[in-house]
Amino acid sequence: MIVSMTGFGKSVLQLPSKKITIEIKSLNSKNLDLNVRTPSLYREKELSIRKLISKKLERGKVDFNLFLEVTGEETSSKINKTVTKQYITQLKEVVEGDDMELLKMAIRMPDAITTERDDIDEDEWKTIENEIKNTLNKIADYRASEGKALEDDLSLRVNNISELLEAVIKMDPERIEGVRERLRKGVEELKERVDENRFEQELVYYIEKFDITEEKVRLANHLEYFIKSINTPDSNGKKLGFIGQEMGREINTIGSKSNYAPMQKLVVQMKDELEKVKEQLLNVL
């Protein structure tokens, strides 16, 4: 099963006096790169939030945002009455004006407004935590949906490489015969008598040098292993990436040994399909 690292989840939770909005976005990354943003009220819960996210999403560049909007009458900001009255008294000694105007001036002075730090209501936090889990389930579903599209494309590309490999296998006897003929013509152009036994020995040497039997077998095995790995219960992008590297080595070796233009065209097509596979694997969890 393929799971993408790209996803998005959003939830809105309405509490009696506040509205909580949770947004989680993820992109591809080699490891878990987690950025958590929360209001100062919930800063002490950041570690537990990180644990929830890392357990559920495992890998990717993840942005977590928790927004707080106060919708009720409660507020953490309060007027410091004692300080404000002192400011008004002092202002009366400096300027003339009615009490309302002096109050407007005093309220802007330092420490006239104080902000009290509220303690977290644990019952309320449990509700928020459940909503975070719900949002993580949403982004996980999104990733699974994206993963299905990735799986279909990867399977298509690998099957295309398999078909091109079959064409290479069918073409190989023709290629070997072409190598044999080119060597024979080269010898004939020298217009010299050649020891047939020595010629056959040299011919065997060059044919063995251009032989791609092992590469064909290994590439076929890698392609089969890739498809099996896609169909396992877990998504393992790193493992698929390693298999893709091995596929690339075999394809490159076939290309360097082929020495036959029609086969090299097939190799170029295989390389093109493999590059598309590698691009898609960057997004696989």
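Values in this text are rule-based calculations from the coordinates and carry no lab data. What you are looking at is a predicted structure, and each value in this text was computed from that prediction instead of being measured. Please note: Cβ atoms are built from the backbone with ideal geometry, for glycine as well, and neighbour counts cover all protein chains shown.
Residues 32, 274 in ascending order of nearby Cβ atoms (within 10 Å, fewest first): 32, 274. Per-residue Cβ neighbour counts within 10 Å put 184, 218 in the sequence 184, 218, beginning with the fewest. Ranked by how many other Cβ atoms sit within 10 Å of their own Cβ, fewest first, the residues 11, 26 fall in the order 11, 26.
Annotation for region 262-285 versus region 221-247: alpha-carbon center distance of 14 Å.
The GluC sites (Glu not before Pro) of region 1-94 that meet both conditions, a loop assignment by DSSP and at most 12 other Cβ atoms within 10 Å of the site Cβ, are 73, 74.
Candidate cross-link partners of residue 78 among the lysines, defined by an alpha-carbon separation under 30 Å and a same-chain spacing of 8 or more, comprise 18, 19, 45, 92, 104, 126. In the chain, the DSSP-assigned H stretches of four residues or longer account for a calculated mean residue ellipticity at 222 nm of -21500 deg cm²/dmol, using -39500 (n - 2.57) per stretch and the full residue count as denominator. Would you mind telling me the antiparallel percentage of the DSSP bridges in the chain, rounded to 5? Just about 80 percent of them are antiparallel. Against the chain, whose longest principal axis is taken from its Cα atoms, helix 213-230 shows a tilt of about 30°.
Among (i) 0.93; (ii) 1.86; (iii) 1.30, only one was calculated for this model; which label is it, if the read-out is Cα Rg over 2.2 N^0.38 Å? It is the one labelled (ii).
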